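Below is one structure; the comments refer to it alone.
FYI, it's all coordinate maths here, none of it is from the lab. In this text, all values refer to a predicted model and were calculated from it rather than measured experimentally. Every residue, glycine as well, gets a Cβ built from its backbone with ideal geometry; the counts of neighbours run over all protein chains shown.
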Amino acid sequence: TNSQRNEAEMFEHWLVENGKNYNGLGEKERRFIVFKDNLKRIKEHNSDPNHSCQRGLNQFSDLTADEFRSIYLGGKMDKKSVSDVALRYQYKEGDI
Amino acid sequence: LPDEVDWRKRGAVVPRVKTQGDCGGCWAFAATGAVESINQITTGELISLSEQELLDCDRTDNFGYIGGGAVWAFDFIVSNDGIVTDEVYPYTGNDTAACKAIEMPATRVVTINGREVVPVNDEMSLKKAVAHQPITVMTSAANMSDYTSGVYKGPCSNLGGDHNVIIVGYGTSSDEGDYWLIRNSWGPGWGEGGYLRLQRNFHEPTGKCSVAMAPVYPIKWKSSSDLLSPSVFKLVLLFAFQLISLVLL
């Protein structure tokens, strides 16, 4: 269908734009499926007028949510590390 | 407090948005960003610092590309007697790199005196802190991968963060409301030129996407060597010459 052809063209264009190459057998096909899922999510989000922000394709568009989380989200904290609160910036009514 | 703050306009943020690549080193980028800013605010010099030194060498509570927190990176910078520039110790995007021995006294080093925590779960205190300097925070960013523009209002967790970033300002959009201006480390191609605007003044104390749960900042005092910066030194010299000429006359 036209929409399938469009998605395939978009994926090819996205691969070139982001300098992506897949070496594994069947990897490109697997990535295309993920890309289509992400594209669908973006279109649904952007067509909803209740959302204030926009979403779009970028360098992460061939990753599943789990892959994205495991690679890029390395922030760690524990309660102890934020227990020694300083009063320097504590807000008081009338602060200027 | 000012209605709007943007530390980029005051020259306290390195213009080039950095890219962490395929690496969980957000904590190192958040830490260097905050130190770059406090160094500029204190000394007037904007120097881009080395994330790679933190990733390779800070092995106390941080774990390189696997993850960490800016709070411990600040402790490392204090105990390490500073951090070098990224020109001296450039980013490689390679997690097998071992800590390079740097002759600290022989190279340009930026120091801090410590770190503190902003009162947690309090967006007004966070606003006051950001009015004084950029602040590192943890935020829940799992759903932000395809954000491109606007004020982000979710979905995300308001009960804990998974990504370390820096708040470099705040403001209010006429149609989208109050926001935090956040510098990310996913390159200039992500978001609004590498930046995110995140909903501010959320109805829960943790802040939207947990932004107010772990706000930390480095402290830097003006040192005696800063007091003798080239411009101050020129002024002192000029004053001395004028004094001598007055005495001779």
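Size descriptors for segment B:102-144 (Cα atoms only): Rg and Dmax, in that order, 15.8, 44 Å. In terms of overall dimensions, the C-alpha atoms belonging to segment B:1-137 reach 45, 30, 27 Å along their principal axes, ordered largest to smallest.
Its DSSP H runs of at least 4 residues, each contributing -39,500 (n - 2.57), put the calculated 222 nm mean residue ellipticity of the protein assembly as shown at -10500 deg cm²/dmol, to the nearest 500.
Comparing B:238, B:55, B:159 in a Gaussian network model of chain B (Cα springs below 10 Å), the most mobile by mean-square fluctuation is B:238.
Couplings 3J(HN,Hα) for segment B:161-174, derived from phi with the Karplus relation 6.51 cos²θ - 1.76 cosθ + 1.60 (θ = phi - 60°), are x, 9, 9, 9, 9, 10, 8, 10, x, 7, x, 9, 9, 4 Hz, where x marks Gly and Pro. Separation of segment B:129-175 from segment B:89-107 is 30 Å, based on Cα centroids. Counting other Cβ atoms within 10 Å as a rough exposure proxy, the listed residues B:72, B:221 run B:221, B:72 from fewest neighbours to most. Look at B:126, A:63 and count the other Cβ atoms within 10 Å of each Cβ; fewest to most, that gives A:63, B:126. Spin-label model, residue A:85/residue A:28: points 7 Å from Cα along the beta carbon direction are separated by 5.6 nm. Kirkwood's formula applied to the C-alpha pairs of chain B gives a hydrodynamic radius of 19.0 angstrom. Helix A:2-17: angle to the longest alpha-carbon principal axis of chain A, degrees 0 to 90, nearest 10? Once rounded, one gets 60 degrees.
Determine the equivalent ellipsoid of segment B:132-208 by diagonalising the alpha-carbon gyration tensor, then write out the semi-axes as square roots of 5 times the eigenvalues, largest first, rounded to whole Å. Can you show the working numbers first?
Values: eigenvalues 52, 44, 36 Å².
Equivalent ellipsoid semi-axes, largest first: 16, 15, 13 Å.
Binning all Cα-Cα separations of chain A at 5 Å, short to long from zero, yields these whole-percent fractions: 2, 10, 14, 16, 14, 9, 7, 8, 7, 5, 5, 3, 1.
Scaling the Cα radius of gyration of the protein assembly as shown by the globular reference 2.2 N^0.38 Å produces a ratio of 1.11. Of all aspartates and glutamates in the structure, those lying under 17 Å Cα to Cα from residue A:28, and not within fewer than 8 positions of it along the same chain, are A:7, A:9, A:12, A:17, A:37, A:62, A:67. Listed from fewest to most Cβ neighbours within 10 Å, the set B:203, A:13, B:132 follows the order B:203, A:13, B:132.
Straight-line reach from residue A:76: which lysines have a Cα under 26 Å away, not including same-chain ones fewer than 8 places off? Within reach: B:18, B:100, B:127, B:128, B:153, B:208, B:220. Helix by helix through chain B, keep the DSSP H runs that span 18 Å or more along the axis on Cα and average at least 1.6 on Kyte-Doolittle, and give those back in order. Result, helices passing both filters: B:230-248.
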